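Asker: Below you will find the structure I want to go over with you.
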Amino acid sequence: MEKITAILVDDEKQALNRMGNLLKLFEEVQVLHKESEPESAIDKIVKTKPDIVFVDVEMPRIGGFGLVKAVRQKFVFPTFIFVTAYNQYAIKAIKAEAFDYILKPIDIDDLRECLERYDHKCNHFPHIENSCLSEREKEVARLLCKGKTSKEIAEALFISKHTVDTHRRSILEKLGVKTTAELMAINR
């Protein structure tokens, strides 16, 4: 399993620390930041583009759903996992396309299962794997589906941004989609 970057957002310091301590048990997870202020969390998420954001639902000023909306409006699309003491928000979380909904106090087995499902989702793209794409195009397509930019992909694969953009155009054409968002949608 490759490294999973994460940001934790919760206005309760004790909950932040507990989640941080639990995630230390998973060597594949690298916590980039723990944020108790939703506004600064939005900035950190947009700047660092983590793979996962663990976010509390109820926070002052900007709740979890507001945070998700604010981040997506800035065209950053990490995987959101809601962590809350309240089960009544589960339907709203599904409608917000959250990846998971974990109830506090967090059970280590629930967290493990969530991370395993995340790894499976991120490393299994049926429309990519079973396509006519070259191996390099499949590498680029997988990273596109993870929300990586052309610059990030170029750095990860040690190729130029121009080469990534050329692969992107070819991928979209071969798979019959018009945008990267459509590519991501068919590989969910």
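Asker: Any residue in segment 2-23 that's at negative phi and crowded, with 21+ Cβ neighbours inside 10 Å: show its pairings with residues that are β-branched (Val, Ile, Thr) and assigned to a helix (DSSP H, G or I) at Cβ separation under 6 Å, as long as the two are six or more apart or on different chains.
Answerer: ILE7/ILE45
Asker: While we're on this one: Which residues, counting only those in segment 164-186, are in a helix (DSSP H, G or I) and either surrounded by fewer than 16 Cβ atoms within 10 Å (Cβ to Cβ) or touching a Phe, Trp or Tyr at 6+ places or on another chain (Cβ under 7 Å) (or both)? So that I can check it myself, show each step before the final result.
Answerer: If we filter segment 164-186 for residues that are in a helix (DSSP H, G or I), which is where we start, we get 164-175, 180-186.
Answer for segment 164-186, where residues must be in a helix (DSSP H, G or I) and either surrounded by fewer than 16 Cβ atoms within 10 Å (Cβ to Cβ) or touching a Phe, Trp or Tyr at 6+ places or on another chain (Cβ under 7 Å) (or both): ASP165, THR166, ARG169, GLU173, LYS174, ALA181, GLU182, ALA185, ILE186.
Asker: Can you go through ARG72, ARG61 and tell me which one is out of contact with any His (no Cβ under 6 Å at 6 or more places or on another chain), in a loop (DSSP other than H, G, I, E, B) and more than 13 Å from GLU12 (Cβ to Cβ)?
Answerer: On the way: ARG72 fails: in a loop (DSSP other than H, G, I, E, B).
Residue meeting the stated conditions: ARG61.
Asker: It is to be established whether one or more residues within segment 29-50 are assigned to a loop (DSSP other than H, G, I, E, B), in contact (Cβ under 8 Å) with a residue 24 or more places away in the chain and either surrounded by 18 or more Cβ atoms within 10 Å (Cβ to Cβ) or not assigned by TED's automatic domain parsing to the domain that holds ILE108 (or both). If you could, list the steps in order and put the result at the bottom.
Answerer: Just the residues of segment 29-50 that are assigned to a loop (DSSP other than H, G, I, E, B), to begin with: 36-37, 49-50.
Next, from what is left, pick out any that are in contact (Cβ under 8 Å) with a residue 24 or more places away in the chain: 36-37, 49-50.
Checking which are either surrounded by 18 or more Cβ atoms within 10 Å (Cβ to Cβ) or not assigned by TED's automatic domain parsing to the domain that holds ILE108 (or both) leaves us with 49-50.
Among the residues of segment 29-50, at least one is assigned to a loop (DSSP other than H, G, I, E, B), in contact (Cβ under 8 Å) with a residue 24 or more places away in the chain and either surrounded by 18 or more Cβ atoms within 10 Å (Cβ to Cβ) or not assigned by TED's automatic domain parsing to the domain that holds ILE108 (or both), which makes the answer yes.
Asker: What tally of residues in segment 75-118 results from selecting those that are loosely packed, with under 15 Cβ neighbours inside 10 Å and assigned to a strand (DSSP E or B)?
Answerer: Going through segment 75-118 one residue at a time, the tally reaches 1.
Asker: Out of the helices (runs of 4 or more DSSP H) lying entirely within segment 119-163, which hold 1 or more residues that are surrounded by 15 or more Cβ atoms within 10 Å (Cβ to Cβ), in contact with a Phe, Trp or Tyr (Cβ under 9 Å, 6 or more places away or on another chain) and assigned by TED's automatic domain parsing to the domain that holds GLU173?
Answerer: Filter on segment 119-163 gives 135-145.
Asker: Could you tell me which residue of segment 1-44 is farthest from VAL55 (Cα to Cα), considering only residues that are among the polar types (S, T, N, Q) and touching a Ser or Thr at 6+ places or on another chain (Cβ under 9 Å)? Give the steps one after another, and end with the answer.
Answerer: Restricting attention to segment 1-44, the residues satisfying the condition of being among the polar types (S, T, N, Q) are 5, 14, 17, 21, 30, 36, 40.
The next check asks that each one be touching a Ser or Thr at 6+ places or on another chain (Cβ under 9 Å); those that pass are 5, 30.
Working: THR5: 14, GLN30: 16 Å.
Across segment 1-44, the extreme among qualifying residues is GLN30.
Asker: Something else about it: THR84 - would you say it is over 15 Å from the mean Cα position of the chain (by Cα) and under 25 Å from VAL46 (Cα atoms)?
Answerer: Details: over 15 Å from the mean Cα position of the chain (by Cα): yes; under 25 Å from VAL46 (Cα atoms): yes.
Spelling it out, THR84 is indeed over 15 Å from the mean Cα position of the chain (by Cα) and under 25 Å from VAL46 (Cα atoms).
Asker: Another one. Can you tell me which residue is modelled with the lowest pLDDT among those in segment 79-97 that are farther than 21 Å from GLY147 by Cβ and among the polar types (S, T, N, Q)?
Answerer: Taking segment 79-97 as the starting set, the residues that turn out to be farther than 21 Å from GLY147 by Cβ are 84-92.
Of the ones still in play, those that are also among the polar types (S, T, N, Q) are 84, 87-88.
Details: THR84: 91, ASN87: 84, GLN88: 87.
The extreme case among them is ASN87.
Asker: Just wondering, is there one or more residues in segment 63-70 that are in contact (Cβ under 8 Å) with a residue 40 or more places away in the chain and out of contact with any Lys or Arg (no Cβ under 8 Å at 6 or more places or on another chain)?
Answerer: Yes: one or more hits.
The values are calculated or read from the model by the stated rules, or taken from the named source; none is laboratory data. Quick caveat, the model's predicted, so the values are computed rather than measured. Every residue, glycine as well, gets a Cβ built from its backbone with ideal geometry; the counts of neighbours run over all protein chains shown.
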